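Encoded as structure tokens, the structure appears first; notes follow it.
The values are calculated or read from the model by the stated rules, or taken from the named source; none is laboratory data. It should be emphasised that the depicted structure is a prediction, and the values quoted were computed from it without experimental measurement. Here the Cβ positions follow ideal geometry from the backbone for every residue, glycine too, while neighbour counts run over all protein chains shown. These accessible areas exclude ligands, DNA and RNA; they are computed on the full protein's heavy atoms, side chains included. Shrake-Rupley method; radii C 1.70, N 1.55, O 1.52, S 1.80 Å.
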Amino acid sequence: MKLKTTLNGSSFAFRDIKDVLAKANEPKSADRFQGIAAETATERVAAKIVLSELTVGDLTENPTIPYEKDEVTRVNIDGLNRPMYERFKNMTIGGLREWILDHKTTTEELCRASRAFTGEVAAAVAKLMSAMDLVYGASKIVRPTKCITEIGLPGTLSYRCQANSPTDDLSDILIGVMEGLSYGCGDACLGINPVTDDAETTKRIADGLWDLVKKNGVPTQITVLSHITTQMQAVRNGAPLSMFFQSIAGTQAANDNFGVSRALLEEAYDLARQSCTGLGPNLLYFETGQGSEVSIGADNGVDEMTLEARTYGFGRFFLPFMVNNVSGFIGPETLYDGKEMIRANLEDHFMGKLMGLPMGMAPCYTNHTSITQDDQEMATALLAMAGANYYMGVPLGDDVMLSYQDTSFHDDATLRELSHRLPAPEFHKWMMKMELMDENGRLTPKAGDASIFLK
Amino acid sequence: MNESQLKEIIMKTISELVTAEQGKQDTGCCTTCAPAAPHVEDGEVPDLSAVDYRQVIDVPNPANRDEYLRMRSHTVARLGVWRAGPRYRTNTFLRFRADHAVAMDAVFTDVPDQVLEEAGLFSVTTMCENKDMYLTRPDLGRRFSDETIAELKKRCKMNPDVQIIVSDGLSSTSVTANIKDILPSILQGLSSAGVSVGTPFFVKHGRVGAMDAISEALGSKVTVILLGERPGLATGESMSAYMTYGGYVGIPEANRTVVSNIHRGGTNPAEAGAFIAELCCRMLKEKASGLDLKV
């Protein structure tokens, strides 16, 4: 393992793998905030060159946080398929990049290889990739999952209908969901973020969604995104949740902060199998995003991109139905502008797919950054080319509860047209039965009218 | 604004563009022709931000207009907007952009001194020197200089049951809009419960974690920070209250109790104040906050 090089007349010596990984990053405000970013453009490239010569084995055996000290590291490594890892162990990261991009490497081989890689390896290879590399590499990987319905099949594009209310008002939520459904949004799930984190509110919202779904025969999943312990209590009280949601992160310290651990997720998975309305095998829904560890000071000096990939290595262990990346949600201290946000989204989607996760994307922005609507739409369009499994659908992209902008019902319909992809099969049939969509996935003149559900 | 008014605006804009373009070509190709003076009418384009879009259903011939409008008018979410192909209609898009502009403009203002004086709050600043530093250095937004800590110890009642702090966070507008209703409501609730309350004050450029440094400095049992949330498009006025029992620097986020979405269109500030006071009492009784405080 060599950590030194000379480039453009200067010599560079990196302290350890953590240092190489951080300095090899494209510019990110979190790295600058942590004081771990490359100081010059040449240093950045020097780090990429050193990284390209490290092997899969180097990065796996020298995790950024030691195995004994961190549960996320342990789950990353314990989750490896050892025979597959042995096959890749001696490959350099530069070689891995070319293997992924090679025409000879098939979709099937890429999918099978996913459990050869920890977060550090996935992050390393993504650091050697340009935007189009990230789009192309990810586009070769498919990852379908099944809860009640199946999403992520080739040729499909799905959406979570996210019609939140700032007061948890059920009528407000339902009219939003109805409008979303009328645009074809909601085949991944109907997923509501409640303001009040208690079992009663979670159950009340789930009951309301369940009634709507039952009455209209909508083939989809129901989630209410309170803390996972709250959802578990709600399900014990009879709430008809299809699966459990939880935000997760890339260090044990950050997961402690979120109130989540391996033991809790295993308990949740067992409860979901017994008591949720989804039959699975995929019964969990995770939310992730670059910068969450940094924003709460639980980053252990590791860069946000590597931590994000470690998060995937943690989440993958629990066979999630969907993983929902929200890089851009935190703010300018982690992703300063549109360029950083777009890059982060492409990295995350690629890293997640490489590691075998059903990646959904929420390219988004808050109102305290310079990120614009155009930046967000450019990220969305690129991710559609990369083959993201699903996006959010928020009325006009304006989440009136969480106060940020995400993709809209309109974006959802537009992306399906642009990428020639259809909703999940059962949902598409339902849309055609409701006369809201034609067989090619285009909206009919009836689509966009929520009140068809109010007749 | 109705459809015909909108059409009128668009037609007018197009015709102005066409006229300007013709004017350019005329001067370019023919020296004998004087450019036609653009015809500017009196009056102004209607104020798009003045439209109460909650009362508008742009969907043509909805299946159930009355019920649609009733439900739509109850929510701030942007519904009933219809579409141009799969995209937004022009007025929908421009209104969205106008509201985003308000939110962005709100982030970079300060709470007026007068508002703080009227609320009876003195002011201290975290270690952030300006807004850009505040936005990119959250660590400094949680910390205070030794001088500031000394000043707080001097000016505030020590070891109170409940310490209340107000901070601009990401929306000064939220402090200006809510403080005069929420603060008296909390204080009244606490005083009628016979709880000892510390000296409330204002923190400029504050993050949530600033409350932990204050809990340590002043020895409060329960600490409450009323903080401006990052503005959304529907409102720039949203405030959250974060509460801890036995707060300290490094306390897990899961140990904070949060009441969010406090503003006129969400949880009413006076009602939120009463609820916060009640929560404070419960925390004092149970000696816990956040996930440890199962309600």
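Take B:ARG72 and tell me if it is open to solvent by less than 30 Å² (accessible area, probe 1.4 Å) and outside any loop (DSSP other than H, G, I, E, B).
On the way: open to solvent by less than 30 Å² (accessible area, probe 1.4 Å): yes; outside any loop (DSSP other than H, G, I, E, B): yes.
Yes, satisfied.
Looking across region A:80-108 at every residue that is part of a loop (DSSP other than H, G, I, E, B) and of a type in the set (Lys, Arg), the one that is nearest to A:PHE314 (Cα to Cα) is identified as A:LYS89. Look at (1) within 14 Å of another protein chain (Cβ to nearest Cβ); (2) under 24 Å from A:VAL260 (Cα atoms); (3) surrounded by 24 or more Cβ atoms within 10 Å (Cβ to Cβ) and you find that A:GLN405 fails only one, number (2).
Each residue in region A:265-318 was checked for being free of Cβ contacts under 8 Å to residues at least 40 places away in the same chain, in contact with a Leu (Cβ under 8 Å, 6 or more places away or on another chain) and either open to solvent by 10 Å² or more (accessible area, probe 1.4 Å) or within 14 Å of chain B (Cβ to nearest Cβ) (or both), and 1 of them qualify.
Within region A:219-227, at least one residue is surrounded by fewer than 23 Cβ atoms within 10 Å (Cβ to Cβ), touching a Lys or Arg at 6+ places or on another chain (Cβ under 9 Å) and not charged (D, E, K, R).
Residues that are more than 14 Å from every other protein chain (Cβ to nearest Cβ) and not in a helix (DSSP H, G or I) were ranked within region A:424-455; the one that is farthest from A:SER158 (Cα to Cα) is A:GLU439.
Residues in region A:20-39 that are aliphatic (A, V, I, L, M), open to solvent by less than 10 Å² (accessible area, probe 1.4 Å) and assigned to a loop (DSSP other than H, G, I, E, B): A:ALA24 only.
For region A:413-422, the condition holds for at least one residue, the condition being that it is away from every other protein chain (no Cβ under 13 Å) and either of a type in the set (D, E, K, R) or part of a loop (DSSP other than H, G, I, E, B) (or both).
Might you check whether a residue that is at negative phi, in contact with a strand residue (DSSP E or B) (Cβ under 9 Å, 6 or more places away or on another chain) and either among the aliphatic types (A, V, I, L, M) or more than 14 Å from every other protein chain (Cβ to nearest Cβ) (or both) occurs anywhere in region A:128-138? Within region A:128-138, one or more residues are at negative phi, in contact with a strand residue (DSSP E or B) (Cβ under 9 Å, 6 or more places away or on another chain) and either among the aliphatic types (A, V, I, L, M) or more than 14 Å from every other protein chain (Cβ to nearest Cβ) (or both).
Does A:ALA122 satisfy the condition of being farther than 18 Å from A:ASN345 by Cα and surrounded by 17 or more Cβ atoms within 10 Å (Cβ to Cβ)? Step through it out loud before you land on a result.
On the way: farther than 18 Å from A:ASN345 by Cα: no; surrounded by 17 or more Cβ atoms within 10 Å (Cβ to Cβ): yes.
Considered against the rule, which asks whether it is farther than 18 Å from A:ASN345 by Cα and surrounded by 17 or more Cβ atoms within 10 Å (Cβ to Cβ), A:ALA122 comes out as no.
Would you confirm whether any residue within region A:339-359 is within 14 Å of another protein chain (Cβ to nearest Cβ), surrounded by fewer than 23 Cβ atoms within 10 Å (Cβ to Cβ) and part of a helix (DSSP H, G or I)? Walk me through how you get there before you give the answer.
Taking region A:339-359 first, the residues within 14 Å of another protein chain (Cβ to nearest Cβ) are A:340.
Right, trim to surrounded by fewer than 23 Cβ atoms within 10 Å (Cβ to Cβ) and you get none.
For region A:339-359, residues within 14 Å of another protein chain (Cβ to nearest Cβ), surrounded by fewer than 23 Cβ atoms within 10 Å (Cβ to Cβ) and part of a helix (DSSP H, G or I): absent.
Restricting attention to region B:251-266, the residues that are over 19 Å from A:THR229 (Cβ atoms), more than 7 Å from chain A (Cβ to nearest Cβ) and open to solvent by 30 Å² or more (accessible area, probe 1.4 Å) total 1. Of everything in region B:183-210 that is touching an Asp or Glu at 6+ places or on another chain (Cβ under 9 Å) and in a helix (DSSP H, G or I), the residue that is surrounded by the most Cβ atoms within 10 Å (Cβ to Cβ) is B:LEU190.
Within region A:386-395, the residues that satisfy the criterion of being more than 17 Å from A:SER327 (Cβ to Cβ) and buried (at least 24 other Cβ atoms within 10 Å of the Cβ) are A:GLY393, A:PRO395. Against the numbered list (1) buried (at least 18 other Cβ atoms within 10 Å of the Cβ); (2) more than 23 Å from the chain's Cα centre (by Cα), B:TYR134 comes up short only at (2). The conditions of being modelled with pLDDT of 95 or more, part of a helix (DSSP H, G or I) and surrounded by 21 or more Cβ atoms within 10 Å (Cβ to Cβ) are not met by B:SER174. Selection over region A:360-371 of residues that are within 14 Å of chain B (Cβ to nearest Cβ) and either assigned to a helix (DSSP H, G or I) or under 17 Å from the mean Cα position of the chain (by Cα) (or both) gives a count of 2.
What residue, of B:ALA213, B:ALA270, is in contact with a Phe, Trp or Tyr (Cβ under 9 Å, 6 or more places away or on another chain), at pLDDT 95 or above and open to solvent by 10 Å² or more (accessible area, probe 1.4 Å)? Answer to the selection: B:ALA213.
Condition check ((1) within 30 Å of B:LYS153 (Cβ to Cβ); (2) of a type outside the set (D, E, K, R); (3) not assigned by TED's automatic domain parsing to the domain that holds B:GLY206) across all residues:
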| position | (1), (2), (3) |
| --- | --- |
| B:ARG89 | no, no, yes |
| B:ASP99 | no, no, yes |
| B:ALA103 | no, yes, yes |
| B:GLU117 | yes, no, no |
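If you scan region A:133-187, which residues turn out to be acidic (Asp, Glu), within 18 Å of the chain's Cα centre (by Cα) and buried (at least 24 other Cβ atoms within 10 Å of the Cβ)? Break it down stepwise before answering.
To start, the set of residues in region A:133-187 that are acidic (Asp, Glu) comprises A:133, A:150, A:168-169, A:172, A:179, A:187.
Now restrict to residues that are within 18 Å of the chain's Cα centre (by Cα): A:150, A:187.
Residue satisfying the conditions is A:ASP187 alone.
Within region A:372-380, identify whether any single residue is over 27 Å from B:MET71 (Cβ atoms), open to solvent by 10 Å² or more (accessible area, probe 1.4 Å), within 9 Å of another protein chain (Cβ to nearest Cβ) and of a type in the set (Ser, Thr, Tyr), and answer yes or no. Checked region A:372-380: at least one residue is over 27 Å from B:MET71 (Cβ atoms), open to solvent by 10 Å² or more (accessible area, probe 1.4 Å), within 9 Å of another protein chain (Cβ to nearest Cβ) and of a type in the set (Ser, Thr, Tyr).
Of all the helices (runs of 4 or more DSSP H) wholly in region B:98-162, which have at least 3 residues that are without any contact (Cβ under 8 Å) to a residue 12 or more places away in the chain and under 27 Å from B:GLY198 (Cα atoms)? So that I can check it myself, show each step before the final result.
Working: elements: B:113-118, B:131-136, B:146-155.
It comes to B:113-118, B:146-155.
Among the conditions (1) touching a Lys or Arg at 6+ places or on another chain (Cβ under 9 Å); (2) outside any helix (DSSP H, G or I); (3) in contact (Cβ under 8 Å) with a residue 24 or more places away in the chain; (4) closer than 30 Å to A:LYS4 by Cβ, A:ARG143 misses just one, which is (4).
Restricted to region B:80-111, and to residues there that are farther than 19 Å from A:GLN373 by Cβ and crowded, with 21+ Cβ neighbours inside 10 Å, the residue that is farthest from the other protein chains (Cβ to nearest Cβ) is B:VAL111.
Out of region A:139-167, which residues are within 14 Å of chain B (Cβ to nearest Cβ), under 30 Å from B:GLU229 (Cα atoms) and modelled with pLDDT of 95 or more?
So the first thing to find is which residues in region A:139-167 are within 14 Å of chain B (Cβ to nearest Cβ), and the list is A:157, A:159, A:161-167.
Next cut, under 30 Å from B:GLU229 (Cα atoms) only: A:159, A:161-167.
Answer for region A:139-167, where residues must be within 14 Å of chain B (Cβ to nearest Cβ), under 30 Å from B:GLU229 (Cα atoms) and modelled with pLDDT of 95 or more: A:TYR159, A:CYS161, A:GLN162, A:ALA163, A:ASN164, A:SER165.
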